[in-house]
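Below: one structure, written as structure tokens.
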Amino acid sequence: QVQLVESGGGLVQAGGSLRLSCAASGGAYSINAMGWFRQAPGKERETVITVTKSGSSTYYADSAKGRFTISRDNAKNTVDLQMNSLKPEDTAVYYCAASRQTFATSQTHMHYWGKGTLVTVSS
């Protein structure tokens, strides 16, 4: 069974940067697309950014464009989310997710989920 573990969340001031990491284990060979999702207080979980296994194709939600990037290391079974120019509205629990599909853009495409890591952006 695939397990995903996120790390790197915390408190950051508006305008700052934060890097989240996700490590996959236990059957990671079955993983294709990976991505990050987030759920803000009182809101539904939403897509932030996803990437194919080869890294050749990336999907950005509007909220991520120009500020967030994703990178993955298939040898280490890790995927990172670099977040720059953070805003208070980026405050959320961020989830790492993985899919058996080649390309995935929504949470309905994902088969495996981490438990999430909290990111708080202060104004």
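Values quoted throughout were computed directly from the atomic coordinates according to the rules given, and no laboratory measurement underlies them. Just so it is clear, the structure is predicted and the values come from calculations on it, not from any experiment. Because the Cβ atoms are built from the backbone with ideal geometry, glycine has one as well, and the counts that use them run over all protein chains shown.
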Checklist entry - Of Val93, Val48, Val79, which has the largest mean-square fluctuation in a 10 Å C-alpha GNM of the chain? => result Val93
Next on the checklist: Apply the Karplus curve 6.51 cos²θ - 1.76 cosθ + 1.60, θ = phi - 60°, to the phi angles in the range 51-65 and return the couplings in whole Hz, x for Gly and Pro.
Outcome noted: 9, 6, 4, 6, x, 7, 9, 10, 10, 10, 6, 4, 5, 9, 4
Next on the checklist: Under the 0.36 nm per residue contour assumption, what length would be gained going from the current alpha-carbon distance of Glu46 and Ser7 to full extension?
Outcome noted: 12.1 nm
Next on the checklist: Spelling out what I want: for every residue of the range 75-88, take phi, set θ = phi - 60°, compute 6.51 cos²θ - 1.76 cosθ + 1.60 (Karplus), and round to whole Hz; glycine and proline get x.
Outcome noted: 5, 9, 6, 10, 9, 10, 10, 9, 10, 10, 6, 5, 10, x
Item to check | Amide H contacts under 5 Å for Gln101, placed H, 5+ residues apart | outcome: Asn32, Ala33
Checklist entry - Given the Cα-Cα distance of Lys87 and Ser106 and 0.36 nm per residue of separation, how much length would full extension add, in nm? => result 4.6 nm
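What is the projected area of the convex hull of the Cα atoms of the range 69-114, averaged over all directions, in nm²?
The orientation-averaged projected area of the Cα hull of the range 69-114 comes to 4.0 nm².
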Checklist entry - In the chain, what is the count of Lys pairs whose alpha carbons are under 28 Å apart, counting only pairs at least 8 residues apart or on separate chains? => result 11
Item to check | Within the range 12-66: Cβ-based charge dipole about Cα centre, in debye rounded to nearest 20 (Lys, Arg +1; Asp, Glu -1) | outcome: 80
Checklist entry - Toward the positive end of the charge dipole of the chain, about the Cα centre and with charges on Cβ (Lys, Arg +1; Asp, Glu -1), which of Ser63, Cys96, Val121 goes farthest? => result Cys96
Checklist entry - So what's the gap between the Cα centers of the range 109-123 and the range 61-84, to the nearest angstrom? => result 13
Next on the checklist: From the convex hull of the Cα coordinates of the chain, what is the mean projected area in square nanometres?
Outcome noted: 6.7
